[in-house]
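Inspection log for the structure reproduced underneath, given as structure tokens.
The values are calculated or read from the model by the stated rules, or taken from the named source; none is laboratory data. Please read all numbers here as calculations on a predicted model, not as lab measurements. Cβ coordinates were reconstructed from backbone atoms using ideal geometry, including for glycine residues, and neighbour counts include every protein chain displayed. Keep in mind that these areas ignore ligands, DNA and RNA; they rest on the heavy atoms of the full protein, side chains included. Shrake-Rupley method; radii C 1.70, N 1.55, O 1.52, S 1.80 Å.
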Amino acid sequence: MVTLKLVALRAVRMVRRSNSRIAVEDEDAAHCFERLAKVHENRKGLTLLLSLKQVQLLESPGPSHEAGPTLLRGCANVCYTAAILQKSKTAETYCRLAMKLADPVEDTASLAVAHRVCGLYSIGVGQWTRAQQMLRVGAECSSKVHDWQGWYESVGYLALALTLTGQFTEAEGHINMALDSVRNAGHTDSLAWVLC
């Protein structure tokens, strides 16, 4: 609760400040909102509010090159949260916006997160081809930045999408590849997730 109050106070100060440019502090605050949203996953309305606030703060002076990666992650978070709240129109809008914003972004870590989150959303709405494409990109980007948990998740969700579309052999191949990687790397904390 204290964390929530501190973030709220920070947000109020940021809104009062001039919106003439995006500063490094704004990016830090946006990442803070992202982390807070994850902490409050069981409070879905709060999560959507915080995600929307993050996007609003980043868009206020207009999308810029510096805000690109953080705005991309913010849109992906809004997509995911709106989907959980069954706000399908909002979720689809932000999924498309995230993918549009992804083109000029060169930050591989942000691309990995956005593609993984929007790929998972796409599974939920039955957009199988889009989900598979996004999750393949998410896995590739996660691998480039050595984000192995993100890689396991992307590959796991990709295996799920393949299973749901009846591509069992390819799905099994991805699952085995993830299991081998987890075991070889000694990431025992991820083993249970991949097995699930």
Could you check how many residues of the stretch 138-154 are exposed (fewer than 15 other Cβ atoms within 10 Å of the Cβ) and not polar (S, T, N, Q)? 2
Looking at GLY173, GLY126, GLY166, which is the one that is without any contact (Cβ under 8 Å) to a residue 60 or more places away in the chain, open to solvent by less than 60 Å² (accessible area, probe 1.4 Å) and closer than 17 Å to TYR80 by Cα? GLY126
So, in the stretch 94-110, of the ones that are open to solvent by less than 20 Å² (accessible area, probe 1.4 Å) and free of Cβ contacts under 8 Å to residues at least 40 places away in the same chain, which residue ends up farthest from GLN132 (Cα to Cα)? VAL105
Candidates VAL113, VAL117, filtered to the one that is at negative phi, touching a Lys or Arg at 6+ places or on another chain (Cβ under 9 Å), among the hydrophobic types (A, V, I, L, M, F, W, C) and open to solvent by 20 Å² or more (accessible area, probe 1.4 Å): VAL117
Single unsatisfied condition, SER110 versus (1) farther than 21 Å from GLY68 by Cα; (2) touching a Leu at 6+ places or on another chain (Cβ under 6 Å): (1)
